[in-house]
There are 6 protein chains.
Amino acid sequence: MLEFKIVKIEVPEDCNVILGMAHFIKTVEDLYEALINAVPNIKFGIGFCESSGPCLVRHEGNDEELRLLAARKAYEVACGHSFIIFLKNAYPINVLDKIKNVPEVCTVYAATANPLEVIIAETEYGRGIVGVIDGLKSKGIEAEEDIKARKDFLRKIGYKLG
Amino acid sequence: MLEFKIVKIEVPEDCNVILGMAHFIKTVEDLYEALINAVPNIKFGIGFCESSGPCLVRHEGNDEELRLLAARKAYEVACGHSFIIFLKNAYPINVLDKIKNVPEVCTVYAATANPLEVIIAETEYGRGIVGVIDGLKSKGIEAEEDIKARKDFLRKIGYKLG
Amino acid sequence: MLEFKIVKIEVPEDCNVILGMAHFIKTVEDLYEALINAVPNIKFGIGFCESSGPCLVRHEGNDEELRLLAARKAYEVACGHSFIIFLKNAYPINVLDKIKNVPEVCTVYAATANPLEVIIAETEYGRGIVGVIDGLKSKGIEAEEDIKARKDFLRKIGYKLG
Amino acid sequence: MLEFKIVKIEVPEDCNVILGMAHFIKTVEDLYEALINAVPNIKFGIGFCESSGPCLVRHEGNDEELRLLAARKAYEVACGHSFIIFLKNAYPINVLDKIKNVPEVCTVYAATANPLEVIIAETEYGRGIVGVIDGLKSKGIEAEEDIKARKDFLRKIGYKLG
Amino acid sequence: MLEFKIVKIEVPEDCNVILGMAHFIKTVEDLYEALINAVPNIKFGIGFCESSGPCLVRHEGNDEELRLLAARKAYEVACGHSFIIFLKNAYPINVLDKIKNVPEVCTVYAATANPLEVIIAETEYGRGIVGVIDGLKSKGIEAEEDIKARKDFLRKIGYKLG
Amino acid sequence: MLEFKIVKIEVPEDCNVILGMAHFIKTVEDLYEALINAVPNIKFGIGFCESSGPCLVRHEGNDEELRLLAARKAYEVACGHSFIIFLKNAYPINVLDKIKNVPEVCTVYAATANPLEVIIAETEYGRGIVGVIDGLKSKGIEAEEDIKARKDFLRKIGYKLG
């Protein structure tokens, strides 16, 4: 048996979601520390799918609402050793390098404020993430004026120097 | 609805392709800088699929042909927040660590000079990469003389010391 | 043609498996060095699927049994540029950062002591990993007493300070 | 001729200073981007001592006062290829990994909110940093109750889990 | 006043020492976790010189003798924000990347099994490390037969492939 | 006895020098591989000061002239566990991240095309690098027109986007 299923993840306003793969129950504490180190006022919740023994969704965070949300969505995903993070007061760009460097983390599937569809493979044995649909499909290729607008935007918000 | 589709990517002669996942429109400039820092005479083009707002393929590069190719193939892939790079005068081994360290990059699916088949999941909502077929399937397990030939080759080209 | 298949990987007792994606035949030597640098008494075997030319499974290791196992399972996976590592006397947490930093490595799909199901896409052209099922699906969300037990366990084994 | 001199650096209230070594005039833009990526509301100034050609102190920042301060203190240090950063709304722990990963950065001498004495070697040819005195010398070894207070403090501010 | 002093560090048999610079009292716990993650049976002690407030030497470890030694030697060094680690059952090569990646760490001065002389600058204000003398000065340049012996040694112990 | 001495390092035309600290005789092979991975046509020589046993300067490279130069200058420096690299067809910015990630490397003192003065502490026991003078001391702070010229230069050579 091999079935593909979709779990939809809506991201709360002013939040972002990060979805990845790790191993070992310590992940949930190490992700907590990676995030708390990243940005002074960051708020977040983490859910991690333990995949042996009691097979519980392990969760941590410094915001009860985001922690509960992360635990619930991780349980809906239910793929062994996957993790999900909801964060606010910070962007993925601020934290993603610290997450990729957590020693238990294998990979990150997506980091986004878009609604996310998680494609999941399910067998008699268990479930695994095979991919994500992160936002809408492309509608065209940027032209000169789009390039100029993009560059101006990044320089206006101070992310790039002019 | 969940359909799987394949986009084929032919790699131009003397080029390599890198396919990955990131987030945020700044990716296209940060990838540009990561690559330009890597190798003095590198030539490359980058395409990145913006996945909200205008949903345009954003593109940069220092070689017009590779830039156009990257934009067109990214548009064919059309998976939100994915990126594609074509490069020459350099190999993935020269640039991959710099790309993995770009703060917006989530993961890299493949880096290769082989033709690539990109497996894509499509729903009503959008599209996402679920995997890649990078070259041919294995034909056997190396024997003693193959091991010797492999080691000799790597030492002859100077990549390993004898 | 696009077919999905499953390769099952049983992990020998006291061992862990790491499954990932790389490029270039030098991967097998670079992974060897990354692992040998990690832990003084580590034992391991590595298999890597060359995906052009002779398309052989390349293998290295410092334990003949694990090397043979890695070569055989890599051949069963047979997905271009993928690699598989079996290790003992060490845990993924000890080596994963060194593996992620190997210049040829694109991504790591899983690192686990669980049995693993590898979901593979196959076309006329070749094969590619699309995901892994790593252990069992989640059975619930941890409650207060589970959190306490988790924290106590990590502190008892000395991985976290109290 | 070899003389040792001291430059004193007072750190403004609620600020931290980071002192390091890099190379190439692009450092000042790359440090700007590393910092702006780190924390959403970070404020900072950077000074970098160009060491050939016009030998000017190059400076960037998103806070005019800190930028001016960094330029002036870099000029007082005047050691070829050294840089100095003053930052607020963020701590060194939030940004230090990003700074160490900037491709031009060689090393970081100190990151602190303490007053700093920079020990400088001067010859007929130029000046170089040989070390820093970062705060006061040790007054004792912590005892059991100090250890408990330290752990409690880190857990109370949420940096570590209990 | 600027005086240079020397602190001598003898390394216990079968041990190595690592000497570096960091910031913030959390360093001592983060170094503990970095080391405990590195090698399954590692034994170590850490001393860290707090440089404001009570200015105590903070210490952690999983071996009481090495912990005590690290605390005492850190107190002898007494340079603000410096740290010292004594480790056994592991080598610096196994742990140094994890230590360099600790978010508070600025730099590492030395990692060695040699006796070490730490050159320290002292003023009325405090003390700072300016350099280390790590073992003996060079006695010559290796000739062909020395190169061969070196390569053979590294391949015999399995650190490099032949 | 504590004496400070200066070793002058002239950098050949079109070359750069990198000076750092590591440990263990394997450094010289690992630096070789880090550099050969970095840039396709890089040419370099490496010298490393072994600091126990025979205390020889160990050397590698893929350019005999630069290898000989590196060996000779390392012998002149003669500080235990230090290394020196001369490179051409590549810039420090292309290779410095790979060097910092070599598992034996502690720190990098300088990376430059400037003449370098290396400040060395010498005792009865051995020698250690305490700092470098990298080029000339600062002559002023850049004004508006200097900032514009700097930005224009970096964008004209393609290192930054306009």
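Return yes or no: is B:Val102 in a strand (DSSP E or B), at negative phi, out of contact with any Pro (no Cβ under 8 Å at 6 or more places or on another chain) and of a type in the set (A, V, I, L, M)? Judged against the criteria, B:Val102 is not a match. Just to be sure I understand, how many residues within the range E:111-127 are within 22 Å of E:Cys15 (Cα to Cα), of a type in the set (A, V, I, L, M, F, W, C) and out of contact with any His (no Cβ under 7 Å at 6 or more places or on another chain)? Looking only at that region, the number is 4. Of the numbered criteria (1) without any contact (Cβ under 8 Å) to a residue 12 or more places away in the chain; (2) within 9 Å of chain E (Cβ to nearest Cβ); (3) in contact with a helix residue (DSSP H, G or I) (Cβ under 8 Å, 6 or more places away or on another chain); (4) not hydroxyl-bearing (Ser, Thr, Tyr), the one D:Ala111 fails is (1). Screening the range B:44-55 for residues that are crowded, with 23+ Cβ neighbours inside 10 Å and farther than 22 Å from B:Pro92 by Cα and picking the one that is nearest to the other protein chains (Cβ to nearest Cβ) gives B:Ser51. A:Glu65 meets the stated requirement of being of a type outside the set (S, T, N, Q), more than 14 Å from the chain's Cα centre (by Cα) and surrounded by fewer than 23 Cβ atoms within 10 Å (Cβ to Cβ).
The set of residues from the range E:124-139 being hydroxyl-bearing (Ser, Thr, Tyr) and surrounded by fewer than 24 Cβ atoms within 10 Å (Cβ to Cβ) comprises just one member, E:Tyr125. Filtering D:Phe44, D:Phe24 for residues that are on the phi > 0 side of the Ramachandran plot and in contact with a Phe, Trp or Tyr (Cβ under 8 Å, 6 or more places away or on another chain) leaves a single hit, D:Phe24.
Only a single item in (1) within 17 Å of A:Pro103 (Cβ to Cβ); (2) surrounded by 24 or more Cβ atoms within 10 Å (Cβ to Cβ); (3) among the hydrophobic types (A, V, I, L, M, F, W, C) is not met by A:Phe24, and it is number (2). Among the residues of the range D:103-115, those identified as of a type outside the set (Ser, Thr, Tyr), surrounded by 23 or more Cβ atoms within 10 Å (Cβ to Cβ) and more than 23 Å from D:Cys55 (Cβ to Cβ) are D:Ala110, D:Ala111, D:Asn114. When the residues of the range C:56-70 are narrowed to those that are closer than 21 Å to E:Gly162 by Cα and outside any strand (DSSP E or B), which ends up nearest to the other protein chains (Cβ to nearest Cβ)? This residue is C:Asn62. Residue count for the range E:79-99 satisfying the condition of being buried (at least 24 other Cβ atoms within 10 Å of the Cβ) and at positive phi: 1.
For the range F:123-140, the condition of being touching a residue at least 40 places away in the same chain (Cβ under 8 Å) and more than 8 Å from every other protein chain (Cβ to nearest Cβ) holds for at least one residue.
Restricted to the range D:1-43, and to residues there that are β-branched (Val, Ile, Thr) and within 26 Å of F:Asn114 (Cα to Cα), the residue that is farthest from the other protein chains (Cβ to nearest Cβ) is D:Val7. Select from the range D:26-45 the residues that are more than 10 Å from D:Glu104 (Cα to Cα), of a type outside the set (Gly, Ala, Ser) and in a loop (DSSP other than H, G, I, E, B) and list them in ascending order. Matches in the range D:26-45: D:Asn37, D:Val39, D:Pro40, D:Asn41, D:Ile42.
In this entry, F:Lys98 is excluded by the filter for residues that are touching a strand residue (DSSP E or B) at 6+ places or on another chain (Cβ under 8 Å) and either within 9 Å of chain D (Cβ to nearest Cβ) or of a type in the set (Lys, Arg) (or both). Scanning the range D:1-25 for residues that are modelled with pLDDT of 95 or more, within 25 Å of D:Thr123 (Cα to Cα) and not in a strand (DSSP E or B) gives D:Leu2, D:Ala22, D:His23, D:Phe24, D:Ile25. Could you pull out the residue among D:Glu117, D:Glu124, D:Glu145 that is charged (D, E, K, R) and assigned to a strand (DSSP E or B)? Just a single option satisfies the conditions, and that option is D:Glu117. Within the range A:71-88, being of a type outside the set (Gly, Ala, Ser) and either part of a loop (DSSP other than H, G, I, E, B) or in contact (Cβ under 8 Å) with a residue 60 or more places away in the chain (or both) holds for A:Lys73, A:Glu76, A:Val77, A:Cys79, A:His81, A:Phe83, A:Ile84, A:Ile85, A:Phe86, A:Leu87, A:Lys88.
The values are calculated or read from the model by the stated rules, or taken from the named source; none is laboratory data. Just so we're clear, the structure is a prediction, and the values are computed from it rather than from any experiment. Note: ideal-geometry Cβ built from the backbone for every residue, glycine included; neighbour counts use all protein chains shown.
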